[in-house]
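Readers should treat all values here as calculations from the given coordinates under stated rules, not as data from a laboratory. As the structure is a prediction and not an experimental result, all values here were calculated from the model. Glycine also receives a Cβ, built like all others from the backbone with ideal geometry; neighbour counts cover every protein chain displayed.
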């Protein structure tokens, strides 16, 4: 089990230490299930933690990423906080934003410098908490009794705004008109306006069915365009920060296309059984979550790698003298264009995914640095 955990952790975090020595992070895992950062401990780096239980009472001078069953934070995080857990108890200071996904989220006596983005079954924010940005929450039940300097956006079945609540701008909330309820205390102070959106589930389903044939083509084009722009930005950053790694992966694709395609296919079909085994062991749940995130990362980078190789091939084919960034943009555009074609698009997407994923995996286990 220890060897499996170590291998998966290397798989998850290798991308962050591939080619740039100045980019680093502190990684902590505990197979026995507990990670504790004491009050006197100071971590001058980004922190990645995977465990059953995580407690942070010290100081972290960087961003924090946590995958655990139970998380309790009472210390200081001078960056942003990213958590995936069953239960979150946040009572410390976070200078940046907080991104949380959990079953139950309790925020008490906490200071959040940025915004709070949370998805959970229940969210409870007490009167001693201050949030410097906005709250964006989706939950079955949300209770807010704190100070928020900007706006609150809530989608919920039950919303409670307590008497100590201070909202610097607007309150937006949506609920099911047949089941949802909102209790807003008269003592709560909301500087802006209150916007309520009631959703009649039955009527909404009928309207959606009528509008789907009209909107689907426009939605596909719009989402493809947004995705293309996002991939361009990520690709440029990838080539800029990880030049050596990107060149080596592109070389693997060029020299061993079919091998890369085969390895990528094997990784995708073997990943789910491996993930299930980790989930069954219980203590492997955090590692499984981190491995899944790494698969998503490599899956996203796959089209960037293949876009670079394809763009270089097209440029050489037509003898175009353009920069490496432009060759990447050309190749990526062609990939997105082909993916819009019915029947051909899914096949193209699969080839791009498996080939890029295979090349990235081969590079990770190669001896070259």
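Observations, loosely collected:
- Rounded to the nearest angstrom and listed largest first, the equivalent-ellipsoid semi-axes of region 62-101 from its Cα gyration tensor are 16, 11, 7.
- Going from the fewest other Cβ atoms within 10 Å to the most, the residues 258, 354 appear in the order 258, 354.
- Relative contact order, percent, region 49-153 [alpha-carbon distance under 8 Å, six or more residues apart]: 17 percent
- When 276, 107 are sorted by how many other C-beta atoms sit within 10 angstrom of their C-beta, beginning with the fewest, the order is 276, 107.
- Taking the number of Cβ atoms within 10 Å of each Cβ as an exposure proxy, the fewest-first ranking of 280, 76 is 280, 76.
- Just so you know, the averaged projected area of the alpha carbon convex hull for region 32-199 sits at 8.8 nm².
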